[in-house]
1. Among the listed residues 95, 100, 130, which satisfies the condition of being touching a residue at least 40 places away in the same chain (Cβ under 8 Å), exposed (fewer than 15 other Cβ atoms within 10 Å of the Cβ) and either within 10 Å of the chain's Cα centre (by Cα) or farther than 20 Å from residue 43 by Cα (or both)?
2. Please tell me if residue 42 is without any contact (Cβ under 8 Å) to a residue 12 or more places away in the chain and either in contact with a helix residue (DSSP H, G or I) (Cβ under 9 Å, 6 or more places away or on another chain) or under 17 Å from residue 116 (Cα atoms) (or both).
3. Going by the structure shown, is residue 30 under 11 Å from the mean Cα position of the chain (by Cα) and surrounded by fewer than 18 Cβ atoms within 10 Å (Cβ to Cβ)?
4. Considering only residues that are touching a helix residue (DSSP H, G or I) at 6+ places or on another chain (Cβ under 8 Å) and closer than 20 Å to residue 118 by Cβ, which ones fall in the range 45-64?
5. Could you grab me the full set of residues in the range 1-17 that are surrounded by 10 or more Cβ atoms within 10 Å (Cβ to Cβ) and closer than 26 Å to residue 84 by Cα?
6. With respect to residue 86, determine if the residue is at pLDDT below 95 and surrounded by 13 or more Cβ atoms within 10 Å (Cβ to Cβ).
7. Let me spell it out: the conditions are (1) without any contact (Cβ under 8 Å) to a residue 24 or more places away in the chain; (2) under 27 Å from residue 11 (Cα atoms), and residue 62 meets all of them except one. Which number is the exception?
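The values are calculated or read from the model by the stated rules, or taken from the named source; none is laboratory data. Keep in mind the model is a prediction, meaning the values are calculated, not measured. Virtual Cβ from ideal backbone geometry, glycine too; neighbours counted across all protein chains shown.
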């Protein structure tokens, strides 16, 4: 995997502008911050983000992938102000699950989710390098 970083662009903090990768692709559905039994351990944004990261890591492992194989995360958030206010805590939770690997990311504000208690939903794409 190679991060795309044009020399004239400032280095983004906490994400990559682009990634080049080849291998077996893994696509994860929109993952919310609930436990496997579909109950929410937290009703706040950071608690749900932490659980969503854990869920993504578990699914990656089941696919034979690791967090450093992530190439893209697309976040859908119920409240952009809540997301912005929690960036430092979200960053810590992210690093606890994925380390300092930052794939390409996008964050979108949405009006709601199929699961009404959800504060966020994250789609993930990973590429497992071939030997």
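1. Working: 95 fails: touching a residue at least 40 places away in the same chain (Cβ under 8 Å); 100 fails: touching a residue at least 40 places away in the same chain (Cβ under 8 Å).
Going through 95, 100, 130 in turn, just one is touching a residue at least 40 places away in the same chain (Cβ under 8 Å), exposed (fewer than 15 other Cβ atoms within 10 Å of the Cβ) and either within 10 Å of the chain's Cα centre (by Cα) or farther than 20 Å from residue 43 by Cα (or both): 130.
2. yes
3. When the stated conditions are applied, residue 30 passes them.
4. Of all residues in the range 45-64, those touching a helix residue (DSSP H, G or I) at 6+ places or on another chain (Cβ under 8 Å) come to 45-46, 49-50, 53-54, 56-57, 60.
Across the range 45-64, the qualifying residues are 45, 46, 49, 50, 53, 54, 56, 57.
5. Answer for the range 1-17, where residues must be surrounded by 10 or more Cβ atoms within 10 Å (Cβ to Cβ) and closer than 26 Å to residue 84 by Cα: 3, 4, 5, 12, 14, 15, 16, 17.
6. Working: at pLDDT below 95: no; surrounded by 13 or more Cβ atoms within 10 Å (Cβ to Cβ): yes.
Criteria not met by residue 86.
7. (2)
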